[in-house]
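Step one of this worksheet: look at the structure below.
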Amino acid sequence: MYTTKWPVLLLLAATLSFVSVSCKKKKEDNTGLPANLRELLVGKKWQVVSEKPDREVDIDGDGKPDSDFHKLAMDCELDDYTVFEDNGSVVESEGNDVCTETPPAQIKWALTDNSTAIAITMPDEQYVMKISSIDANILVVTKPYLVSGISIIVTTTFKKI
(Lines give C-alpha, C1' and ligand atoms only; values in the text may rest on other atoms or scores of the structure.)
Protein backbone atom coordinates (compact mmCIF):
# COMPACT_ATOMS: atom_id res chain seq x y z
CA MET A 1 0.00 0.00 0.00
CA TYR A 2 2.87 2.38 0.79
CA THR A 3 4.35 1.95 -2.72
CA THR A 4 1.11 2.85 -4.55
CA LYS A 5 0.65 6.06 -2.55
CA TRP A 6 3.73 7.84 -4.05
CA PRO A 7 2.72 7.60 -7.73
CA VAL A 8 -0.76 8.86 -6.85
CA LEU A 9 0.67 11.77 -4.84
CA LEU A 10 3.13 12.64 -7.62
CA LEU A 11 0.34 12.57 -10.20
CA LEU A 12 -1.81 14.78 -7.97
CA ALA A 13 1.05 17.26 -7.43
CA ALA A 14 1.81 17.39 -11.16
CA THR A 15 -1.87 17.96 -11.97
CA LEU A 16 -2.18 20.76 -9.40
CA SER A 17 1.00 22.41 -10.72
CA PHE A 18 -0.29 22.29 -14.28
CA VAL A 19 -3.71 23.69 -13.31
CA SER A 20 -2.23 26.54 -11.26
CA VAL A 21 0.17 27.53 -14.07
CA SER A 22 -2.40 27.31 -16.87
CA CYS A 23 -5.09 29.23 -14.96
CA LYS A 24 -2.99 32.26 -14.09
CA LYS A 25 -4.25 35.59 -15.37
CA LYS A 26 -1.99 37.93 -17.26
CA LYS A 27 -0.07 39.42 -14.39
CA GLU A 28 0.56 43.03 -13.78
CA ASP A 29 4.15 43.83 -12.99
CA ASN A 30 5.19 46.15 -10.17
CA THR A 31 4.08 49.16 -12.27
CA GLY A 32 0.40 48.27 -11.87
CA LEU A 33 0.07 48.13 -15.66
CA PRO A 34 -0.78 44.95 -17.60
CA ALA A 35 2.13 42.80 -18.72
CA ASN A 36 0.67 42.81 -22.25
CA LEU A 37 0.64 46.63 -22.42
CA ARG A 38 2.39 46.79 -25.81
CA GLU A 39 -0.09 44.30 -27.26
CA LEU A 40 -3.00 46.42 -25.98
CA LEU A 41 -1.50 49.65 -27.35
CA VAL A 42 -0.08 48.80 -30.78
CA GLY A 43 -2.08 48.74 -33.99
CA LYS A 44 -5.30 50.08 -32.45
CA LYS A 45 -7.15 53.27 -33.39
CA TRP A 46 -7.18 55.49 -30.27
CA GLN A 47 -9.54 58.47 -30.21
CA VAL A 48 -9.45 61.21 -27.57
CA VAL A 49 -12.66 61.46 -25.53
CA SER A 50 -11.52 63.83 -22.78
CA GLU A 51 -8.59 66.06 -21.80
CA LYS A 52 -9.01 67.12 -18.19
CA PRO A 53 -6.53 69.37 -16.36
CA ASP A 54 -5.74 68.79 -12.70
CA ARG A 55 -7.07 72.31 -12.11
CA GLU A 56 -9.29 74.52 -14.21
CA VAL A 57 -7.52 77.12 -16.35
CA ASP A 58 -8.73 79.44 -19.09
CA ILE A 59 -7.21 77.85 -22.16
CA ASP A 60 -9.37 79.51 -24.82
CA GLY A 61 -9.08 83.08 -23.52
CA ASP A 62 -12.79 83.62 -22.87
CA GLY A 63 -12.21 84.56 -19.22
CA LYS A 64 -13.81 81.36 -17.90
CA PRO A 65 -11.84 78.39 -16.54
CA ASP A 66 -12.04 75.22 -18.63
CA SER A 67 -12.43 71.76 -17.08
CA ASP A 68 -12.21 69.60 -20.24
CA PHE A 69 -10.02 70.85 -23.08
CA HIS A 70 -11.53 68.30 -25.48
CA LYS A 71 -14.82 70.18 -25.35
CA LEU A 72 -12.98 73.07 -27.03
CA ALA A 73 -11.99 70.97 -30.05
CA MET A 74 -13.33 71.88 -33.47
CA ASP A 75 -16.00 69.55 -34.84
CA CYS A 76 -13.60 68.32 -37.52
CA GLU A 77 -11.15 67.20 -34.78
CA LEU A 78 -13.62 65.01 -32.91
CA ASP A 79 -13.19 62.00 -35.23
CA ASP A 80 -9.37 62.20 -35.31
CA TYR A 81 -7.49 59.17 -34.04
CA THR A 82 -3.95 57.96 -33.35
CA VAL A 83 -2.35 54.59 -34.14
CA PHE A 84 0.88 53.47 -32.45
CA GLU A 85 2.53 51.24 -35.06
CA ASP A 86 4.73 48.28 -34.13
CA ASN A 87 7.68 49.84 -36.01
CA GLY A 88 7.72 52.89 -33.70
CA SER A 89 5.81 55.21 -36.02
CA VAL A 90 2.69 57.11 -35.03
CA VAL A 91 -0.12 57.52 -37.54
CA GLU A 92 -2.30 60.55 -36.87
CA SER A 93 -5.53 60.38 -38.86
CA GLU A 94 -8.06 63.16 -39.24
CA GLY A 95 -10.85 60.63 -39.69
CA ASN A 96 -13.63 61.37 -42.18
CA ASP A 97 -14.08 65.05 -41.24
CA VAL A 98 -10.77 66.59 -42.38
CA CYS A 99 -9.75 69.97 -40.92
CA THR A 100 -6.70 70.64 -43.10
CA GLU A 101 -5.01 69.16 -46.11
CA THR A 102 -1.49 69.46 -44.69
CA PRO A 103 0.55 66.26 -44.69
CA PRO A 104 1.00 64.69 -41.26
CA ALA A 105 4.27 65.18 -39.43
CA GLN A 106 6.62 62.25 -39.01
CA ILE A 107 6.08 61.11 -35.43
CA LYS A 108 7.88 58.34 -33.54
CA TRP A 109 6.98 56.68 -30.24
CA ALA A 110 8.63 54.36 -27.73
CA LEU A 111 7.77 52.90 -24.35
CA THR A 112 10.03 54.36 -21.66
CA ASP A 113 10.41 54.39 -17.87
CA ASN A 114 10.03 50.64 -17.46
CA SER A 115 7.09 50.65 -19.91
CA THR A 116 5.09 53.14 -17.82
CA ALA A 117 5.28 56.02 -20.30
CA ILE A 118 5.12 56.78 -24.01
CA ALA A 119 7.86 59.01 -25.39
CA ILE A 120 6.77 60.98 -28.46
CA THR A 121 9.30 62.45 -30.88
CA MET A 122 8.27 64.92 -33.58
CA PRO A 123 10.48 67.08 -35.80
CA ASP A 124 10.12 70.11 -33.50
CA GLU A 125 8.99 68.66 -30.16
CA GLN A 126 9.54 65.80 -27.75
CA TYR A 127 7.44 64.88 -24.75
CA VAL A 128 6.49 61.98 -22.51
CA MET A 129 3.00 60.82 -21.57
CA LYS A 130 2.76 58.74 -18.39
CA ILE A 131 0.42 55.78 -18.78
CA SER A 132 -2.13 55.79 -15.95
CA SER A 133 -4.11 52.80 -17.21
CA ILE A 134 -4.81 50.74 -20.30
CA ASP A 135 -7.12 47.90 -21.19
CA ALA A 136 -8.61 46.56 -24.42
CA ASN A 137 -10.82 49.65 -24.88
CA ILE A 138 -9.45 52.59 -22.85
CA LEU A 139 -6.04 54.29 -22.62
CA VAL A 140 -5.45 56.99 -19.99
CA VAL A 141 -2.26 59.09 -20.01
CA THR A 142 -1.05 62.21 -18.22
CA LYS A 143 1.20 64.96 -19.52
CA PRO A 144 2.45 68.20 -17.96
CA TYR A 145 1.65 71.48 -19.71
CA LEU A 146 2.40 75.13 -19.13
CA VAL A 147 -0.68 77.29 -19.78
CA SER A 148 -0.37 81.05 -19.34
CA GLY A 149 2.50 80.51 -16.92
CA ILE A 150 0.58 77.93 -14.89
CA SER A 151 1.90 74.37 -14.64
CA ILE A 152 -0.85 71.78 -14.99
CA ILE A 153 -1.14 68.05 -15.55
CA VAL A 154 -3.66 67.03 -18.20
CA THR A 155 -5.24 63.57 -18.08
CA THR A 156 -6.17 62.43 -21.56
CA THR A 157 -8.55 59.53 -22.04
CA PHE A 158 -8.61 57.66 -25.34
CA LYS A 159 -11.14 55.05 -26.42
CA LYS A 160 -10.40 52.33 -28.94
CA ILE A 161 -12.51 52.73 -32.07
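Each row is one residue, and each column tells you yes or no for (1) exposed (fewer than 13 other Cβ atoms within 10 Å of the Cβ); (2) of a type outside the set (S, T, N, Q); (3) without any contact (Cβ under 8 Å) to a residue 60 or more places away in the chain.
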site: A35; (1), (2), (3): no, yes, yes
site: P53; (1), (2), (3): no, yes, no
site: D58; (1), (2), (3): no, yes, no
site: D62; (1), (2), (3): yes, yes, yes
site: C76; (1), (2), (3): no, yes, yes
site: G95; (1), (2), (3): no, yes, yes
I'm trying to understand the selection: among the residues of region 124-161, which are modelled with pLDDT under 95 and either within 20 Å of W46 (Cα to Cα) or hydrophobic (A, V, I, L, M, F, W, C) (or both)? L146, V147, I150
Scan region 17-45 residue by residue and report those that are modelled with pLDDT under 50 and in contact with a strand residue (DSSP E or B) (Cβ under 7 Å, 6 or more places away or on another chain). K26
Can you find a residue in region 109-118 that is under 15 Å from the mean Cα position of the chain (by Cα), closer than 17 Å to V49 by Cα and not small (G, A, S)? no
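The values are calculated or read from the model by the stated rules, or taken from the named source; none is laboratory data. These numbers come from a predicted model, not from an experiment. No Cβ is skipped: glycine too gets one built from the backbone with ideal geometry, and neighbour counts run over all protein chains shown.
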